[in-house]
Amino acid sequence: MSERPPAPKHTYWRGDTLWARFTVAGREVRESLRTSSPKVAARRVAEMRDKAVGRVRFGEVTRLWDDAVSAWGEYIKRQVGSARTVKRYADSLSIATRHFSTKPIADVDKDAVNRFVAARRADGVTNATIRRDLQAISSLLDFAEDEGWREGNPALDKMRRIKEHRDPITLPDEADFEFVLSRLADGHAEMLRAARATGMRQNELATAERKHFTRSNRSLLVRGKGNKQRTISLSAEAAAIFERQPVSISCTHIFHHNGKPITKAPFIFSRARRAAQAAAQREKRPFRGFRFHDMRHLYAVEFLRKGGSIYVLKEHLRHSSVKTTEMYLEFLTPEEAEAAKRGRLDETARVREEGGAPIVTNDGT
């Protein structure tokens, strides 16, 4: 094996990679140069030192990645109403900090983001997870730019270029749906029925409040992803599910368990699915498990099969583009698909009577 060449000044070898190591204003900087070429390493470490020395010499205020993350944490809590979303962003930034800690936030450029994505892929992470990580980094970089600490958002550009693989949609069978219902407590079973009757997401149903349900016109104000609101119309079936839920003095939510909010909905429904799977094996009966989110898909397909407009459905589900909603057309006959795409204005009133067409609102969100 040939000997490695000497490490350039202000660098050292760690394994097969050259790292920068120098001190500026009493602070030691150590960072991977992500190369095994002494020539490339010498150039990169010189650029890093020039920037660091320049900031000290000219009195520039340097915000490090860690500083930006701390400040962002207080900002995002005020911007995003969902604690679950805040935690998801924070988890992604915790992973990103392993790559960017001690790095000036202004130096998180296109190359740095590309190296982060490459490292995540080397760890076997899916495109969907990488996109979620980039969404969190993008939020941080937008915040830092607003604060005047940097310019541009390379994470957003990278996220837009990464295609997210979607697993094929498999609609639950009626028998399997009923089989899972039988494994749920009454309140939880009603929540699953409501998902099928409304297309609402799991968290939207778990946090839906009684004061936002209007019985007179069968409508519900929904707080969805990103704390955005939309108002939907409910079919007679869906409205009946909402109306029959017991009122709790101690809980404002429509769906609750003994007067307490349903805070562990993902665990509750995955446990019911596993119980149904085990029971099916004992009884030697066919069973194909499904996710709670598949109720949203089932609602969409059933809505279109009844003659609903794909454009009305897009607003009901609050998809960012009708291209996303069009994935449901593959479950329709050619005639049904053509009717769904026509989007006639007069069908809204008709479907409202038959199946509950959504109200499309202009609430500024």
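The values are calculated or read from the model by the stated rules, or taken from the named source; none is laboratory data. Keep in mind the model is a prediction, meaning the values are calculated, not measured. Please note: Cβ atoms are built from the backbone with ideal geometry, for glycine as well, and neighbour counts cover all protein chains shown.
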Taking the criterion of being of a type in the set (Val, Ile, Thr) and either closer than 14 Å to PHE269 by Cα or in a loop (DSSP other than H, G, I, E, B) (or both), would at least one residue in the range 133-156 satisfy it? no
Give the residue, chosen from ARG193, ARG166, ARG160, that is part of a helix (DSSP H, G or I) and at pLDDT below 90. ARG160
Only one of (1) under 18 Å from the mean Cα position of the chain (by Cα); (2) surrounded by fewer than 17 Cβ atoms within 10 Å (Cβ to Cβ); (3) in contact (Cβ under 8 Å) with a residue 24 or more places away in the chain is not met by ARG305, so which one is it? (1)
Residue that is at pLDDT below 90, surrounded by 17 or more Cβ atoms within 10 Å (Cβ to Cβ) and aliphatic (A, V, I, L, M), where the choices are ILE232, ILE241, ILE262: ILE262
Filter the range 203-221 down to the residues that are outside any loop (DSSP other than H, G, I, E, B) and over 13 Å from HIS253 (Cβ atoms) and list them by number. THR214, SER219, LEU221
If I filter the range 222-257 down to residues being part of a loop (DSSP other than H, G, I, E, B) and in contact (Cβ under 8 Å) with a residue 60 or more places away in the chain, which single residue comes out as farthest from LEU184 (Cα to Cα)? LYS228
Taking the criterion of being small (Gly, Ala, Ser) and touching a Ser or Thr at 6+ places or on another chain (Cβ under 7 Å), would at least one residue in the range 157-180 satisfy it? no
Within the range 54-64, identify whether any single residue is touching a strand residue (DSSP E or B) at 6+ places or on another chain (Cβ under 7 Å) and at pLDDT 85 or above, and answer yes or no. yes
Which residue pairs have Cβ atoms closer than 8 Å, lie 6 or more positions apart in sequence or on different chains, and pair a first residue in the range 200-213 that is in the same structural domain as SER235 (by TED's automatic domain parsing) and crowded, with 21+ Cβ neighbours inside 10 Å with a second residue that is part of a helix (DSSP H, G or I) and not hydrophobic (A, V, I, L, M, F, W, C)? MET200/ARG296; LEU205/THR198
Of (1) aliphatic (A, V, I, L, M); (2) buried (at least 17 other Cβ atoms within 10 Å of the Cβ); (3) modelled with pLDDT under 90, VAL360 fails just (2)
For the range 283-291, indicate whether the set of residues that are in a helix (DSSP H, G or I) and at pLDDT 90 or above is non-empty. yes
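Residue-wise test of (1) among the charged types (D, E, K, R); (2) assigned to a helix (DSSP H, G or I); (3) more than 19 Å from ASP146 (Cβ to Cβ).
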site	(1), (2), (3)
TYR75	no, yes, no
ARG78	yes, yes, no
TYR89	no, yes, no
THR97	no, yes, yes
THR102	no, no, yes
ASP111	yes, yes, yes
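Please go through the range 274-302 and pick out each residue that is touching a residue at least 40 places away in the same chain (Cβ under 8 Å) and farther than 19 Å from SER233 by Cβ.
Those that are touching a residue at least 40 places away in the same chain (Cβ under 8 Å) and farther than 19 Å from SER233 by Cβ: ALA275, ALA276, ALA279, ALA280, PHE287, ARG288, GLY289, PHE290, PHE292, HIS293, ASP294, HIS297.
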Quick check on the range 314-343: of everything there that is assigned to a loop (DSSP other than H, G, I, E, B) and surrounded by 11 or more Cβ atoms within 10 Å (Cβ to Cβ), which residue is modelled with the lowest pLDDT? GLY343
